[in-house]
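Structure, as structure tokens:
The values are calculated or read from the model by the stated rules, or taken from the named source; none is laboratory data. All values derive from a computational prediction rather than experimental measurement. FYI the Cβ positions are ideal-geometry reconstructions off the backbone, even for glycines, and counts take in every protein chain you see.
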């Protein structure tokens, strides 16, 4: 069992013992998604697999916040925001924009002149530690300077 998965399971047990309904529901939902990933992979998930599941879960919650905010449902938006924040605590530290920008510049210097080529070189370096949208924005900005 991956370290992160064991930590999630331990926190779920703690949430159940302290009768934290919101925490119990959130963690059991994420663990259920991890279990589905395990079935899909046909092997025990690694920490990287668990992080991937959690990133997707956080992304879904952020999209929900956007929808709820547009629909004037602040109560539901706040709930989703707090859930996303709770899950983010399990993720490894994010990479700084400066570090991403340096990698993007290096990819461009290495001959990547299209957004797809830059993303193809930079994204794997930061898998699980940076969001694709952030890398894409920096890549587009740097490519526009080249033109």
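Below is a table of values for the structure above.
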item: Residues of region 107-136 classified as more than 30 Å from residue 23 (Cα to Cα) and loosely packed, with under 14 Cβ neighbours inside 10 Å, total; result: 9
item: Options 56, 17, 37: the member that is surrounded by fewer than 14 Cβ atoms within 10 Å (Cβ to Cβ) and either at pLDDT below 90 or under 25 Å from residue 132 (Cβ atoms) (or both); result: 56
item: Among (1) more than 18 Å from the chain's Cα centre (by Cα); (2) outside any helix (DSSP H, G or I), the one test that residue 92 misses; result: (1)
item: Flag for residue 80 being within 22 Å of residue 131 (Cα to Cα), in a helix (DSSP H, G or I) and under 14 Å from the mean Cα position of the chain (by Cα); result: no
item: Residue identified as at pLDDT below 90, assigned to a helix (DSSP H, G or I) and outside the structural domain of residue 57 (by TED's automatic domain parsing) among 116, 111; result: 116
